[in-house]
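The values are calculated or read from the model by the stated rules, or taken from the named source; none is laboratory data. What you see is a predicted model, and the numbers here were worked out from it, not measured in a lab. Ideal geometry is used to build each Cβ from the backbone, glycine not excepted, and the neighbour counts take in all protein chains shown.
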Amino acid sequence: MAAGSAAPTSGEYIVHHLTHLNSTGHAQKSVIDWTVINIDTMFYSIVLGLATVFVLWLAARKATSGVPGRFQAAVEILVDMVSEQAKGIIHSAESRKFVSPLALTVFVWIFFMNAMDLLPVDLLPKIGEMFGIHYQRVVGTADLNAALGMSVGVLLVCIYYNIKIKGLGGWIHELFTAPFGSHPLLYPINFIMQMIEFVAKTVSHGMRLFGNMYAGELVFMLIALLGGTATVFGFVGHIIAGSIWAIFHILIITLQAFIFMMLTLVYVGQAHEGH
Amino acid sequence: MNLNATLFAQLVVFFILAWFTMQFVWPPIVKALDERAKKIADGLAAAERGKQDLELATKRSTDALREGKEKAAELIANAEKRGAQLIEEAKLSAKTEADRIVAGAKAEIDQEAVRAKEQLREQVSALVVKGAEQILRREINAQAHSDILATIKQDL
């Protein structure tokens, strides 16, 4: 499956599949390198992001208060679901004007990116190879950068609403006086707790999505390896395990998209509440 | 799992997509949903109103029917009463008329009787005078006794 003519070992196959197509042309050496950008993640997330807003826009364009078609009804169910959740969590109608659409976008976008996992693991990389692209990962959310990028986005929204609702002074005051109370000795502890909370929220938010999708992708690769043994056991095993995992994964991709959306709403909701 | 600039690119894309949805997707759909909810509520209210109207109309028509029946019954009763009264009046007037005619006839009969009596008296007296005249012609002078005759005639 790799660029070479010889069949790759299992290890090479996995490593090859987990290598991003990035701006350097080879696997990233250091853990953090801000000069590198993953072209495959950007391509698929932007294409699917455009698909997301296009599908939603199609429904919005023809939205009428009359009898809805099936497509409109489906989008409406989605909008209504997000809207109801947002109403329960965020009590400011003004904030909901931005946060609800944000949650809807996040849900559909992540769902689409996750759903790329259901395509055969070798399909798009193989097609890419025909055009001279040797590395490719198609599941945007299985890239930590994408997942963390979105969770940092949510963090920025939270900070924005913290300042908007409580005022800059109010928010800073809260950073030093909550959760343990207002006492000079407690200020540093409070501040450290708040910082840990923000970091933990953001990292766990992104990591949860990334971990689930990365693991899911990895399992698909292992199942593909099983089929790659070209034995009867491998073939039957591939079909059975692949079917079971793919069916289970339908739940995972929806659930992870939903969890990401719900946590977005919860975190923004928390930004609205004073301690 | 390496971190790189993809994170920031994704961050920007995230906000652009959210902005697009907020601007062009969310408002029309939510508006349509709200409008439909209102339409349905209005429709239900209209149906409820229609039902009430129907009930009211049914009640009114029943009332009108009953009233009509009552009025008709009253009219018939009045007519019957009036008829009876007319008959009664006619009877009464007929009886009065009859009485009057009978009384008139009686009076006329009485008059007629008096007149006949008068006539009869005159004829009898003439007859008497004539008889007496004939008797007296033989015996006495009629002139001499005419005053007596006149007295008799008066007494008759």
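Which count do you get for residues in the range A:12-52 that are surrounded by fewer than 22 Cβ atoms within 10 Å (Cβ to Cβ), facing another protein chain (nearest Cβ under 7 Å) and within 30 Å of A:L104 (Cβ to Cβ)?
Qualifying residue count for the region: 2.
Residue pairs, Cβ under 6 Å, 6 or more apart or interchain, first in the range A:2-18 and at pLDDT below 65, second surrounded by fewer than 16 Cβ atoms within 10 Å (Cβ to Cβ) and in a helix (DSSP H, G or I). List them.
A:A2/A:E12
I need a count of the residues in the range A:15-43 that are closer than 16 Å to A:I133 by Cβ and in a loop (DSSP other than H, G, I, E, B). Before the answer, list the steps.
Of the range A:15-43, the ones closer than 16 Å to A:I133 by Cβ are A:16-27, A:37-43.
Add one more test, that the residue is in a loop (DSSP other than H, G, I, E, B), and what stays is A:18-21, A:23-27, A:37.
So the count comes out to 10.
Could you tell me whether B:W19 is within 14 Å of another protein chain (Cβ to nearest Cβ), within 30 Å of A:S23 (Cβ to Cβ) and either surrounded by 10 or more Cβ atoms within 10 Å (Cβ to Cβ) or touching a Phe, Trp or Tyr at 6+ places or on another chain (Cβ under 6 Å) (or both)? Explain how you work it out, then say what you get.
Numbers: within 14 Å of another protein chain (Cβ to nearest Cβ): yes; within 30 Å of A:S23 (Cβ to Cβ): yes; either surrounded by 10 or more Cβ atoms within 10 Å (Cβ to Cβ) or touching a Phe, Trp or Tyr at 6+ places or on another chain (Cβ under 6 Å) (or both): yes.
Spelling it out, B:W19 is indeed within 14 Å of another protein chain (Cβ to nearest Cβ), within 30 Å of A:S23 (Cβ to Cβ) and either surrounded by 10 or more Cβ atoms within 10 Å (Cβ to Cβ) or touching a Phe, Trp or Tyr at 6+ places or on another chain (Cβ under 6 Å) (or both).
Residue by residue through the range A:44-88, note down the ones that are over 21 Å from the mean Cα position of the chain (by Cα), in a helix (DSSP H, G or I) and of a type in the set (V, I, T).
A:I77
Considering only residues that are buried (at least 17 other Cβ atoms within 10 Å of the Cβ) and touching a residue at least 12 places away in the same chain (Cβ under 8 Å), which ones fall in the range A:64-77?
Matches in the range A:64-77: A:Q72, A:V75, A:E76.
Among residues belonging to the range A:152-205 that are in a helix (DSSP H, G or I) and aromatic (F, W, Y), point out the one that is farthest from the other protein chains (Cβ to nearest Cβ).
Out of the qualifying residues, it is A:Y187.
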